[in-house]
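In what follows, a structure is listed as structure tokens, so that the remarks can point back to it.
The values are calculated or read from the model by the stated rules, or taken from the named source; none is laboratory data. All figures in this text were calculated on a predicted structure; none of them were measured in a lab. All Cβ positions, even for glycine, are placed from backbone atoms using ideal geometry, and neighbour counts span all protein chains on display. Protein only, heavy atoms only, side chains kept; ligands, DNA and RNA dropped before computing areas. Shrake-Rupley method; radii C 1.70, N 1.55, O 1.52, S 1.80 Å.
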Amino acid sequence: MPLAVAPALQEQLAPFRPADAEQVWVRLVDTQETDEAFSFQVQVIRRDSAGRLALEGDDEVLVSYLEGGEPLVTGYAHAAAGAPDLAVAVWYGAGPEDAAAPALLDLPAAVLADGAGGYRVSVEALAVLGEIAWQEDGSVSLVLAGGTRTEPLSVAEIEGRSYVQGTDLEAAVDGRRVDLSDAGYTYAVDWRPDLGQLGLWRAVRRPMS
């Protein structure tokens, strides 16, 4: 339903409009309702003009039910996101241009950047792109949509964790497209060492019925 914002709240929020936001996503996290008010909590993710993705944190909006009037937004609270534990943030989803919000991937092992533009990513991260299939020689393949398999990727054990080389991952997955009768799947690997982020994208496009 249409919502009006209390004038005092508009004045309070005006200075906090983000200066450099190319795109903003809002994901509903939780809702609560009483006889007097309705509140909802959303997670906010934004992308700036350089392509940097950032989790801004959680916002909570309070909507009060006024006697004889329209519901009115009367409260707002913002909880800023904490700094990521890992030096390189790994994002996944349909892609940074999609209407659906990307999400941060919580990995048990950090992405290893070598300082010369190269990187290694843990095998666990590959699950957002497809099924991980271990080979007898210790390498892994990814089973993409429709059962399509990638070429085997060499695996290196580093401090007890299994990693694949970024260049191998990109050669196997980046730009791949799988067309099935009911959908088309497009895969991309976007490594941005300048921004400290890695994007693992799997977009699904279904034909209009």
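Among the residues of the range 114-129, is there at least one that is under 25 Å from Q197 (Cβ atoms), open to solvent by 40 Å² or more (accessible area, probe 1.4 Å) and in contact with a Ser or Thr (Cβ under 9 Å, 6 or more places away or on another chain)? The answer is yes; a qualifying residue exists. Note on the range 140-172: among residues that are farther than 21 Å from R202 by Cβ and assigned to a loop (DSSP other than H, G, I, E, B), the one that is most open to solvent (accessible area, probe 1.4 Å) is E159. For the range 60-90, filtered to residues that are of a type outside the set (A, V, I, L, M) and at pLDDT below 85, the residue that is least open to solvent (accessible area, probe 1.4 Å) is G69. From the list L144, L153, L180, pick out the single residue that is at pLDDT below 95, farther than 22 Å from L53 by Cα and not assigned by the TED database to the domain that holds R46. One residue alone meets the criteria, L180. Of the listed requirements (1) open to solvent by less than 40 Å² (accessible area, probe 1.4 Å); (2) out of contact with any helix residue (DSSP H, G or I) (no Cβ under 6 Å at 6 or more places or on another chain); (3) closer than 26 Å to V24 by Cα; (4) at pLDDT 95 or above, G175 misses just one: (1).
Condition check for L107 on (1) within 15 Å of G199 (Cβ to Cβ); (2) in contact with a Ser or Thr (Cβ under 7 Å, 6 or more places away or on another chain); (3) open to solvent by 50 Å² or more (accessible area, probe 1.4 Å): one failure, at (3). When G57, G93 are checked against the criterion of being modelled with pLDDT of 95 or more, among the small types (G, A, S) and open to solvent by less than 30 Å² (accessible area, probe 1.4 Å), a single residue qualifies: G93.
Among residues of the range 178-209 being free of Cβ contacts under 8 Å to residues at least 24 places away in the same chain and over 23 Å from the mean Cα position of the chain (by Cα), the one that is most open to solvent (accessible area, probe 1.4 Å) is M208. Of the candidates V26, V44, V88, the single residue that is farther than 25 Å from P193 by Cβ, touching a strand residue (DSSP E or B) at 6+ places or on another chain (Cβ under 9 Å), in contact (Cβ under 8 Å) with a residue 40 or more places away in the chain and not assigned by the TED database to the domain that holds G130 is V26. Note on the range 186-209: residues that are at pLDDT 95 or above and farther than 23 Å from D106 by Cβ amount to 1. Scanning the range 112-132 for residues that are in contact with a helix residue (DSSP H, G or I) (Cβ under 7 Å, 6 or more places away or on another chain), in a loop (DSSP other than H, G, I, E, B) and more than 24 Å from G184 (Cβ to Cβ) yields a total of 1.
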